[in-house]
Amino acid sequence: MSAQPLIEISEVTKRYPGGHEALSNISLGIEQGEMVFLTGHSGAGKSTLLKLIAAIERPTSGHIIVNGQNVGRMKRPALPFFRRNIGLIFQDHKLLYDRSVFDNVLMPLHIQGVIGNDAARRVRAALDKVGLLNKERARPITLSGGEQQRLCIARAIVSRPALVLADEPTANLDDAYARDIMDMFRAFNEVGVTLIISTHDQDLIGRYGGRKVTLAYGKQVS
Amino acid sequence: MKAWLAHHLHSLKIAAEQFRAAPVATLFTILVIGVAVSLPAGLYVLLGNLERAAGGVKPQAEVTAFFKEVDEAKARALAGSLKKHDDVAEVRFVSKSDGIKRLESAGLAEVAAGLPENPLPHTLIVTPREATPAILESLAARIKDNPDVERVLVDTDWIKRLAALMQLGRDLVGMLIVVLGVALAAITANTIRLQIYAQEDAIEVARLIGATDRFIRRPFLYFGGIQGLAGGLAGWALVIAGGRLLEASVAQVAAAYGSHFHLAGLSLPESGLLLLLSTALGWLGAYFAVGRALRQGG
């Protein structure tokens, strides 16, 4: 155990305009190299917590320290550079349908200034890891749901982030696909990537073990 | 350095894709910008030509004295004494023969050639140090006292009117530049706003995976700048084409006066400035449109 956890969430509350409190007084520490399942009913605040960690939203009170940086107080110009260290996987994939599979995965590298053969090699390595190497010229719209999720994963890991946040990565997927994806996550975790995965699929958590954090109505249950 | 270049090339490529996505709309926008640019530019050219046509006439108060049929030496003597006067800045002496030469070079060669003999008197053109009516009047009175002087003209009114009209024209050009410059930036901003609207997903994803505002903004800036440049070129072409169309009739009018007046278009520095300005305004419009979208994106 290191002295300071990778992610330190203390007394975090998130209230949306209109008064809905998505998270109430959450405190949580996550160590480097952990694989954490974030679980709870739909609307329990799982996605909100992930958004707070990725600085997509800011907490109403309390603070979140990621890698020594206070995420809630981060200045706007610093945000892009902070996000480059995080791989984000979305339930709705957020793929761009106007460009190829290859170009979707290339995007994070391109943003970071990695270009040419080096970038192409890394894109293919990421596509290979998720089993989409033979589809690099395809358009994302022609892929199945499971393949689209895998493409989203390839885009999240292509810049080799130390932290990956996955929001309901296995929702809407049948069991075999879900297991595929979970196997991938476990492989990333084995090479040292810290993972936070939100899911309401209790079977999956039971099967893969790892730490479980349960939220109910914005409060931490376990 | 290579990455930097690649970034810019990529931004250019995206800008080109935007054009390919809506070529007709873009062409129309360029045409609108062209018309907006051609109005002040055209008026500016017109004004420049008018000023040139009125050329030689300095918009400045002068006293002109025409001599009777006297020796050149006598006339020059008056010029010499006037030069010493405190209120006088400059005295120009135009002899009979100089006068006819000036008439010829002013484009009235045929008129001059048609004259049986030189009807022009020796002339003095006196420029006062200060062009107040009082000084002009006193100078005129002093010159009139000389018995060799036939007539004195203190005809400053039409010069003043011309100068005032020219100034009005210049003000109008200035005003048009400002108003249509704002219009150009606004047209570009609106085009870019529509593009941003169509690209919302890509912008959202780019921000989520760590794109800086600058990275997101750049292709739009390129598009705005290039569209402004293209619009500037269109406006420039309109002005040049307008000049060409008018050239023949202007030449005819000039020929009717026995002159060789040529319409001048935009000089190279002027053309450069026009293109630079329209590019900068397009860029600026894009900058505002993207800035707004980025701020709204939080």
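The values are calculated or read from the model by the stated rules, or taken from the named source; none is laboratory data. Please read these numbers as outputs of a predicted model, since none were measured by experiment. Cβ coordinates were reconstructed from backbone atoms using ideal geometry, including for glycine residues, and neighbour counts include every protein chain displayed. Remember, those area values only see protein heavy atoms, side chains included, never the ligands or the DNA or RNA. Shrake-Rupley method; radii C 1.70, N 1.55, O 1.52, S 1.80 Å.
Note on residue A:60 and residue A:144: with the Förster distance fixed at 35 Å, the Cβ-Cβ geometry gives a FRET efficiency of about 0.35. Placing a pseudo-label 7 Å from each Cα along the Cα-to-Cβ vector at residue B:81 and residue A:219 gives an inter-label distance of 11.5 nm. Applying both filters, DSSP loop and at most 15 other Cβ atoms within 10 Å, to the trypsin sites (Lys or Arg not before Pro) of segment A:1-84 gives A:75. Cα gyration tensor of chain B, axes a ≥ b ≥ c as square roots of the eigenvalues: rounded (a/c below 1.5), prolate (a/b > b/c) or oblate? In terms of gyration-tensor shape, prolate. The mean number of Cβ atoms from other chains found within 10 Å of a Cβ in peptide B:209-222 is 4, as a whole number. Sequentially through segment B:102-108, phi angles give Karplus couplings (6.51, -1.76, 1.60; θ = phi - 60°) of 5, 4, 5, 6, 6, x, 10 Hz, Gly and Pro residues having no value and appearing as x. Restricting the calculation to Cα atoms, every distinct pair contributes to the Kirkwood radius of segment B:1-151, found to be 20.9 Å.
I want the local charge near residue B:199. Using Cβ-Cβ distances under 15 Å, sum +1 for each Lys or Arg and -1 for each Asp or Glu among the other residues. Neighbour charge sum, excluding residue B:199 itself: +2. The helix-based estimate of mean residue ellipticity at 222 nm for chain A, built from -39,500 (n - 2.57) per DSSP H run of four or more residues and divided by its residue count, is -10000 deg cm²/dmol to the nearest 500.
Residues whose amide H falls under 5 Å from that of residue A:29, counting only those 5 or more places apart or on a different chain, are A:9, with hydrogens built in the peptide plane. Its residues counted as N, segment A:67-138 yields a C-alpha radius of gyration over 2.2 N^0.38 Å of 1.29. About the centre of its Cα atoms, segment B:59-191 shows a dipole size close to 220 debye [charges on the beta carbon of Lys, Arg (+1) and Asp, Glu (-1) only; nearest 20 debye].
From the alpha carbon centroid of segment B:78-109 to that of segment A:191-212 is 101 Å. Charges were assigned to the Cβ only: +1 to each Lys and Arg, -1 to each Asp and Glu. The resulting dipole of the protein assembly as shown about its Cα centre is roughly 1340 debye. A Förster radius of 35 Å combined with the Cβ-Cβ distance from residue B:252 to residue B:172 puts the calculated FRET efficiency at roughly 0.80. Per-residue 3J(HN,Hα) values for segment B:77-93, derived from phi via the Karplus relation 6.51 cos²θ - 1.76 cosθ + 1.60 with θ = phi - 60°, read 4, 4, 4, x, 6, 5, 4, 6, 5, 4, 7, 9, 8, 8, 10, 10, 9 Hz in sequence order (x marks Gly and Pro). At full extension, residue B:16 and residue B:241 could sit 78.2 nm farther apart than now, given 0.36 nm per residue minus the alpha carbon distance.
For the protein assembly as shown, the square roots a ≥ b ≥ c of the C-alpha gyration tensor eigenvalues yield an a/c of 1.5 or more together with a/b exceeding b/c, which makes the shape prolate. Once each of the chymotrypsin sites (Phe, Trp or Tyr not before Pro) sitting in a DSSP loop with at most 16 other beta-carbon atoms within 10 Å is removed, chain A keeps A:98-216 as its longest stretch.
Volume per residue for segment A:1-143 equals 163 cubic angstrom (convex hull of Cα atoms).
Across q = 0.17 Å⁻¹, segment B:63-154 modelled as identical point scatterers on its alpha-carbon atoms has Debye log10 I(q)/I(0) values of -0.73, in the order of the q list. Relative to the current alpha-carbon distance between residue B:8 and residue B:68, full extension at 0.36 nm per residue lengthens the span by 14.0 nm. Computed from backbone phi with θ = phi - 60° and the Karplus coefficients 6.51, -1.76 and 1.60, the 3J(HN,Hα) list for segment B:118-129 is 5, x, 7, x, 5, 9, 10, 10, 10, 9, x, 5 Hz; x is used for glycine and proline. Computed from point charges on the beta carbon alone (+1 for Lys and Arg, -1 for Asp and Glu), the dipole magnitude for chain A about its Cα centre is near 680 Debye.
Lys-Lys pairs in segment B:63-154 that are eight or more residues apart or on separate chains and whose Cα atoms lie under 16 Å of each other come to 6. The listed residues A:118, B:145 rank as B:145, A:118 when sorted by accessible area, largest first, using a 1.4 Å probe. Amide H contacts of residue A:211 (H built 1.01 Å from N, in plane; Pro and chain starts excluded): A:35, A:37 sit under 5 Å, all sequence-distant by 5 or more or on other chains.
Between the amide H of residue A:216 and those of A:221, distances stay under 5 Å, these residues lying 5 or more places away or on another chain, with hydrogens modeled in the peptide plane.
For residue B:145 and residue B:27, the FRET efficiency from 1/(1 + (r/R0)^6), where r spans their Cβ atoms and R0 equals 60 Å, is about 0.25. Per-residue ellipticity at 222 nm from helix content only, as computed over chain B with -39500 (n - 2.57) for each DSSP H run of at least four residues, stands at -24500 deg cm²/dmol. Near residue B:208, once Lys and Arg are set to +1 and Asp and Glu to -1 for all other residues with Cβ below 9 Å from its Cβ, the sum equals +2.
Against the criterion of solvent-accessible heavy-atom surface with a 1.4 angstrom probe, B:110, B:104 sort, most first, into B:110, B:104. With a cut-off of 14 Å between beta carbons, the residues surrounding residue B:188 carry a summed charge of +3, where Lys and Arg count +1 and Asp and Glu -1.
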